[in-house]
1. For B:Trp184 and B:Ala35, what does the FRET efficiency come to when R0 = 35 Å and r is the distance between their Cβ atoms, rounded to the nearest 0.05?
2. What distance in nm separates the simple spin-label points at A:Asp268 and A:Ala144, each placed 7 Å from Cα in the Cβ direction?
3. At the nearest 100 Å², what buried accessible area, both sides summed, do you get for A and B when the probe is 1.4 Å?
4. Relative contact order, percent, of the range A:9-60 when contacts are C-alpha pairs under 8 Å separated by at least 6 residues?
5. Indicate, rounded to the nearest 5 percent, the antiparallel portion of the DSSP beta bridges found entirely in chain B.
6. Please give the contour-minus-distance gain from A:Arg310 to A:Asp226: 0.36 nm per residue of separation, less the Cα-Cα distance, rounded to one decimal in nm.
7. Can you give the accessible area per residue of chain A, in Å², using a 1.4 Å probe?
8. Output the 0 to 90 degree angle, nearest 10, between the alpha-carbon long axis of helix B:101-111 and the longest principal axis computed from the alpha carbons of chain B.
Amino acid sequence: MTQELKDVFSNRHQVAQAVANQGKPVMGWMCTYVPEEIIHAAGAHPIRVVGTGGTTTTADAYLYSNVCSYARASLEEGFRGSYDFLSGYIAVNTCDNVRRLYEVWSRYLNTPFTHILKLPHRADEEAVEYFAGELSDFRERLGAHVGKEISDDALRQAIEVYNRTRTLLRQLYELRKADTPPISGAEVMDILLAGLILPKEEYNRKLELLLSSLQSKAASPPKGEDRIRMMVVGSELDNSEYLRTIEELGGVVVCDDLCNGTRYFWDDVKVNGDPLQALANRYLRRSPCARMRPTSERMARSRQLIQDFRVEGIIYEALKFCDLYGEDFPLFKDNIKELGVPAMLLTRDYSVAGLGQMKTRIQAFFETIRG
Amino acid sequence: MKIAQVLEAMQAGRDMDHPLESVRLYYDLMARYYARIEEAERTHHRPLVILGIYTPIELFYAMDIVPCHAELHAMNAACLGGCQGYFDTAAAYGTPIEACSIQRAMIGMAKGGLLPTPDFIVSAAGVCDSEVKSLEVLVKHFGCPYFLTDMPYQGDPAGVAYYLKELEALVPFLESQTGRPLDWGRLEETVELSRQAAVLYRQVNEARKACPSPMRNQDFFNMCTVYAMMAGTQEAVDYFEVVAREVREQVEGKRPPLRPQERFRLSCAFCFPAFSPELLNWMEQEHGAAIAIDLVNYWRGEEEMDARRPLESLAKKAFYLPLAMPFIGPVENWSRSVIEMGRGYSLDGSIFFAPVTCKEGCATIRILKDRMREEAGIPTLVADCDMIDPSVVSEEELKGKLEGFFETLEAR
Ligand code: SF4
Ligand code: SF4
């Protein structure tokens, strides 16, 4: 099952294209603050837009080489035609790089529908109200694009499907609290990544099967004694090789605070009341990313994860040119000081190049942890 | 470089001979601005705030709070005394070298004990990531109270309403920090002064449409600095009155020509390498290249403040202020400004000095360049540089690049 899910992400364009071929509009989204439930309720299929490795020559000319490599790699993929099947492209003003990427994408790629959601930086009542208004506009525009009114009932159904995914993923993470987790961090990432591409109903079925097999299975992949319980913190990471390297070197990744990880699924949407309001509330108040304020909320959540998963070491990964996460590291380190868990910054490029150098640094980090 | 040293440099600037009264006045205003910070830090008679440049300054003047714009101060200090030391200190703390150089200089100054200790910090989220993160570093460093106003992505009615609520929440914060209630009458006065300065500012811009350009290249940045640091004061109104008179007299031919001959009319589509004011002078004197208009001074639209609705006026202005408008929200704002500047100021070309650590700015280049060409028929030169660090691209290298551009313009 794990391999099957891994293949989904490896073949993501074919998988999404197959959905498009069935006549379902496929909507690419750029940031986990996009409420996929609205897209699902519109009868469309949401997928996360990501890049692949390799050079980004065209994207560099349209964005700029100081933009984070995730944004440039995603745009490059667009220019390569890999996302030509998209019926829509939806972004959020999460960070400077993503909002500028949205503008370049909208102007130079011919995706029929584009939309940017205006996300407040705070999560108080006023911000939720404002964001609910934003979601209402989005619902209307998207509905007009797909030629279908997005009803409250459809939203409620979508919320249930997505909440189910969240429950299952939390159950998967629960297993990782064990002394010897039954699944490696790299495998978990492969599973998570498949969820960014597959229709959620199908994904949920697969997750249920996987969970029942894992629950009856003895601890296996991260073999060996003395593995260091690691947490990976940072921005967008969609390369399980990154975690595999950490685990090959003697760690076991037991949890994360990543864009495609806990921040994506940790918090449910309330099922009662007005669904749009519930979505605004959940998306603003979910596990926050480094752009949200106050930072203390994010730090508190990270500290909680560190304690709950008995983390012994942290790798903080930041993409080069990501001001949000790059500048955040000293603050983060300071905030977890009292827990006594060491943290190391690994600045990386979106492509896997530089893994060799990374290995040496991780080894050295592990040695310091082991004393 | 400490506040007192920058203050001395500004006083020295003021006491030099200047062909234009506005330049002497500029240094005088800067000296007064720094003197207030120096005094507040020394005597604690008035509260001192470190302020992000996008926060409405009028509110602080109305409450007799002394503002220190740490980023602008870092820029000034770096241009006067070099920046490498600040960068090293910031890097030792953990700020990535890819982060905005101005912010790195500011963090380096804070960590090196060169910023004044504020009573509190106020900034605005929404304009650029680096600014907000860096001010958070300062908050942590000084361990002082902090208020962040959340500027939404767009100044549409919902956005203005949201930001107005932010400013309404800022008022009690300031009241609790100063121990004094806001005098709303005083706020109306400062907003009115800000309005008067803006009216004069726009008159200056109107006069800048004249050929030859009635303003020297080296002076344009002074205007946006004065407005950013002092809007809401009588001093700023006085300054803009002088500038408006000078440009008017220049247009009317009552003053000697500013440059041998105007051969090219250009715009600055973003910032300029502040470490080299000489470059602007060289463009003008050697090549007859006038910066007829520039983004950070260009007021788009006719919206005016209304002192009877002071907070609402400030909430609206936050979105159309030249120093903020292009950078907030969609690139459409920025594009429209550069295109309007191109058409309205009879430009031959536009220059985008691209600060290589500014993601927010550089990522717009392709769109701006394409739209400027397609919609106004005007070519754009992109010149990579840093605003404060000459080691990235030197003045000589920039001159070479500009000369190539002038040749292209000549050939057109
Ligand atoms: S990695 Fe950083 S800069 Fe890049 S998209 Fe994510 S938050 Fe933005
Ligand atoms: S130069 Fe760019 S990155 Fe630096 S503060 Fe200004 S907008 Fe932000």
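The values are calculated or read from the model by the stated rules, or taken from the named source; none is laboratory data. Note that the structure is a prediction, hence the values are computed from the model and not measured. Every residue, glycine as well, gets a Cβ built from its backbone with ideal geometry; the counts of neighbours run over all protein chains shown. Protein only, heavy atoms only, side chains kept; ligands, DNA and RNA dropped before computing areas. Shrake-Rupley method; radii C 1.70, N 1.55, O 1.52, S 1.80 Å.
1. For B:Trp184 and B:Ala35, the calculated efficiency is 0.80.
2. If labels sit at A:Asp268 and A:Ala144, their model points lie 3.6 nm apart.
3. Approximately 3900 Å², summed over both chains.
4. Relative contact order here is 32 percent.
5. 5 percent
6. Values: separation 84, 0.36 × 84 = 30.24 nm, distance 1.39 nm.
Gain on extension, A:Arg310 to A:Asp226, equals 28.8 nm.
7. Working: 13110 Å² over 371 residues.
For chain A, the per-residue accessible area is 35 Å².
8. 30 degrees
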